């Protein structure tokens, strides 16, 4: 049996933590009355990680989608895309119901049937990653016989167009469009990415990190963020840093890598649930002045991110015990007598 490669799970763990932290800061911390420059610094730091979080997540997803995309019968990719789309629909509806009780929480929510229909189709919500994966699987299957030298340049141009702000501002549709390049890159270049990860050491990682910091600074100073091609190029550097750093952590820092791998194997429930406990906590804490004291501002985003993640995993365990595991794998609901096989994204080596 081939030994399980750990760094993709480390990368997934890092990405999901950064996703939750991003929402903690942008949807809660900066909205607290009296928030000071420390919270502003948290927001700035999170903004610099935008080219890393989702592109790296999609790269990993693409790396382990080959079996489904290239399956001769075509059933595998249909089932996986159907699961992802089903989970998206289920949790958009759940969020719509729950978030109706937290009207002051700063996130999009449907207020009527037409808005809900739009969120399920052309105007994705904060759960857009699930819908994007389903769409990417369909596209990857359709172009599976097109040479990589054609597919990736076309996908890059599409990413450049979206990154330049030329896609209609419909919820997270622009993010869905611009990140397809990284999914397809992971799918088509898996062996190259694995070799790159295996060869990455401290020197390469530090050099890439320095290059990314320099690139981010240059883009910010010159106002180049929406220049055509800048965003995907910046994200490519960020993803290279992420792969190298996660591979290095996995090999040399087991005490850090082990909990990240553990979280990385449980990304789905964290992703689909996290906005709900965050909204409820935000409502309970709104107006409390102690949150804006400097000492608390330093650690509060980290503490709240941890609380939200633990809440999501606890909710997942309770739902499974209540025989509601199908909320994370709706196709399971029509499989009588099958044991629970929860949907994980992306698939990782060694997963059965």
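Worth pointing out:
- All-pairs alpha carbon distance profile, the stretch 65-170, 10 Å steps from 0, percent: 13, 34, 32, 17, 4
- Based on alpha-carbon atoms, the Kirkwood radius and the radius of gyration of the stretch 165-321 give Rg/Rh equal to 1.01.
- Relative contact order (percent, whole number), the chain, Cα cutoff 8 Å, 6+ residue spacing: 33
- Gaussian network model of the chain, Cα within-10 Å springs - most flexible of 56, 222, 319: 222
- Nearest-0.05 FRET efficiency for residue 302 and residue 121, computed from C-beta distance (R0 45 Å): 0.80
- Estimated FRET transfer efficiency (residue 75, residue 167; beta-carbon r; R0 41 Å; 0.05): 0.80
- Percent of C-alpha pairs per 10 Å bin, the stretch 1-152, short to long: 9, 28, 34, 20, 7, 1
- With the alpha-carbon atoms of the stretch 176-264 aligned to their principal axes, the span from lowest to highest coordinate is 39, 27, 24 Å, starting with the largest.
- Each Cα pair under 8 Å and six or more residues apart adds its separation to the average, and for the stretch 145-234 the resulting relative contact order is 43 percent.
- As a proxy for reagent exposure, ranking 311, 61, 200 by other Cβ atoms within 10 Å from fewest up yields 311, 200, 61.
- Applying 0.36 nm per residue to the separation of residue 154 and residue 218 and subtracting their alpha-carbon distance, the gain on full extension is 20.4 nm.
- Note on 321, 204, 53: ascending count of other Cβ atoms within 10 Å places them as 321, 204, 53, the fewest first.
- Multiplying the residue separation of residue 93 and residue 320 by 0.36 nm and removing their Cα-Cα distance gives an extension gain of 79.8 nm.
- Computed over the chain, the per-residue total of -39500 (n - 2.57) for DSSP H runs of n ≥ 4 gives a 222 nm mean residue ellipticity of -22000 deg cm²/dmol, rounded to 500.
- Placing a label point 7 Å from the Cα of residue 112 along the Cα-to-Cβ direction, no residue of the stretch 47-91 has its backbone N under 15 Å from that point.
- In Å, descending, principal axis extents of the Cα set of the chain: 58, 54, 44
- For the chain, a Gaussian network of Cα nodes joined below 10 Å ranks 305, 293, 107 by mean-square fluctuation, and the top entry is 293.
- The simple spin-label model puts a point 7 Å past each Cα toward its Cβ; for residue 225 and residue 33 those points are separated by 2.9 nm.
- Based on C-alpha pairs under 8 angstrom that are at least 6 apart in sequence, the stretch 245-316 has a relative contact order of 40 percent.
- By the equivalent-ellipsoid construction on the alpha carbon gyration tensor, the stretch 34-117 comes out with semi-axes of 33, 24, 7 Å, ordered largest to smallest.
- Relative exposure of 121, 205, judged by other C-beta atoms within 10 Å (fewest first): 121, 205
- Pairs of alpha carbons in the stretch 95-238 whose separation is greater than 20 Å (percent): 61
- The stretch 232-282 and the stretch 172-191 have their alpha-carbon centroids 17 Å apart.
Values in this text are rule-based calculations from the coordinates and carry no lab data. Because the structure is predicted, anything quoted here is derived from the model rather than measured. In this analysis, Cβ positions are derived from the backbone assuming ideal geometry, glycine residues included, and neighbour counts consider all displayed protein chains.
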